[in-house]
Every structure is written in structure tokens, then in C-alpha cells.
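Okay, so here's the structure we're looking at.
The values are calculated or read from the model by the stated rules, or taken from the named source; none is laboratory data. Quantities reported herein were computed from a predicted structural model and do not represent experimental measurements. Because the Cβ atoms are built from the backbone with ideal geometry, glycine has one as well, and the counts that use them run over all protein chains shown.
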Amino acid sequence: MSVQNNMESPPSPASRAERLLETGIFNSRWLMTPFYLGLVISLAVAAVKFIAILYEFIIKAWTETEADLIVDVLALIDLSLVGNLILIVVLSGYVNFVSRIDPDGHPDWPKWMAKIEFAGLKQRLLASIVAISAIEVLKAFMNIDGNPSNAKLAWLVGIHLTFVISTVLIALSDRLMSR
């Protein structure tokens, strides 16, 4: 047996090019980072807006009708759901598509974070969108004295039902795919 047989042959130029291409494609995941940072900034803006609406709510609460009070509370709930939606996208998107986050045994680290798969992420996102849509429909019905048009109410209900049906269909297809 010759010494030359024990040595590996150098990689061919084609395999080096392929490896370089694969490394570039793999590292392109970091291009998503500005998207997630932008969403973190949008979460901060939503938090500031929430505080402004909360301040107005507290000031007006004593003179508002019950229906107006409920609409204002729904607006706060709506913004909190939007914040949850942003947070789900940022955390699970970053972990699933860019890099793992090492929580270092942090006691507040969400348990679902390491376990959520793309199908679970879709279902969480869609559930949040359905909840936000339902709140918008409820706010419109609570403001019925403000005479929203029947066409507007029909559009809100139609869009909400579209979200609900889409969520159910995606959940069913994910369930069938997992079998």
C-alpha cells in the first residue's frame, strides 16, 4: 500500500466553489437580522402608543359611556395582541431562521421558544390575527350608534371569517402533513 493512497486528495475546484456557495447561502440568514431589529423597534413604538391610549383611557374613563369604555378597553387589548404577535415573530423567527439564543438558564425564558416549529409558529400567528380581527369586529359593533355602514360591517365580518377559515384549513393541512 502506497503512502499516496492514505492521503486524501485535495478538493476539486468545483467542490470548493460549491462549498463557498453553500457557506454564502447559509450565512445569508443574517440578512434577516435588520428585519427583526425593525420589528423590535415597532414593538417599542406600539408600547409608546399603548401608554398614550392608556393615559387617554384613564383621563376619559369617568365621563364615558359604558360602550365607549368597552371600545377603549378593546383598543388596549388589540394593541397588546399586536405586541404579542410582534414578539412571537421576532423571537421564534430569529431562533428558527437566524441563530439560537442562549438563555443561560434565564428563569423567564419562554418554554415554548425552543420547541416551536414552523407549523406551530404559523398557528400562533394566525390565532393572534384572528383574535385581533375579532376585536376589530367587536369594536365596530360596539360603535354601532356611530352608524358604521352596513358595507363596512359586512367587510369586517367577511375578512374575519376569511381569517378563521384560513386558520382552520392551515391547521387541518398541518395535521394531515404530520401524519
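At-a-glance table
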quantity: Close pairs (9 angstrom Cβ cut-off, 6 or more residues apart or separate chains): within 14 Å of Ser128 (Cα to Cα) and in contact (Cβ under 8 Å) with a residue 12 or more places away in the chain in the stretch 150-179, of a type outside the set (A, V, I, L, M, F, W, C) and surrounded by fewer than 13 Cβ atoms within 10 Å (Cβ to Cβ) anywhere; calculated: none
quantity: Among (1) within 15 Å of Ile132 (Cβ to Cβ); (2) more than 14 Å from the chain's Cα centre (by Cα) - the single one Ser28 does not satisfy; calculated: (1)
quantity: The one condition in (1) assigned to a loop (DSSP other than H, G, I, E, B); (2) over 30 Å from Lys139 (Cα atoms) that Thr63 fails to fulfil; calculated: (2)
quantity: First in the stretch 61-84 and under 19 Å from Val130 (Cα atoms), second anywhere and assigned to a helix (DSSP H, G or I) and of a type in the set (D, E, K, R), Cβ under 6 Å, 6 or more apart; calculated: Val71/Lys139; Leu74/Lys139
quantity: Yes/no for Leu31 being out of contact with any strand residue (DSSP E or B) (no Cβ under 7 Å at 6 or more places or on another chain) and surrounded by 11 or more Cβ atoms within 10 Å (Cβ to Cβ); calculated: no
quantity: Odd one out for Thr65, checked against (1) surrounded by fewer than 16 Cβ atoms within 10 Å (Cβ to Cβ); (2) of a type in the set (S, T, N, Q); (3) at pLDDT below 80; calculated: (3)
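This table checks each residue for (1) in a helix (DSSP H, G or I); (2) at pLDDT below 85; (3) under 18 Å from the mean Cα position of the chain (by Cα).
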{"residue": "Gly83", "(1), (2), (3)": "yes, no, yes"}
{"residue": "Ser99", "(1), (2), (3)": "no, yes, yes"}
{"residue": "Asp102", "(1), (2), (3)": "no, yes, no"}
{"residue": "Gly105", "(1), (2), (3)": "no, yes, no"}
{"residue": "Gly120", "(1), (2), (3)": "yes, yes, yes"}
{"residue": "Ala131", "(1), (2), (3)": "yes, no, yes"}
{"residue": "Phe141", "(1), (2), (3)": "yes, yes, no"}
{"residue": "Asp145", "(1), (2), (3)": "yes, yes, no"}
{"residue": "Val157", "(1), (2), (3)": "yes, no, no"}
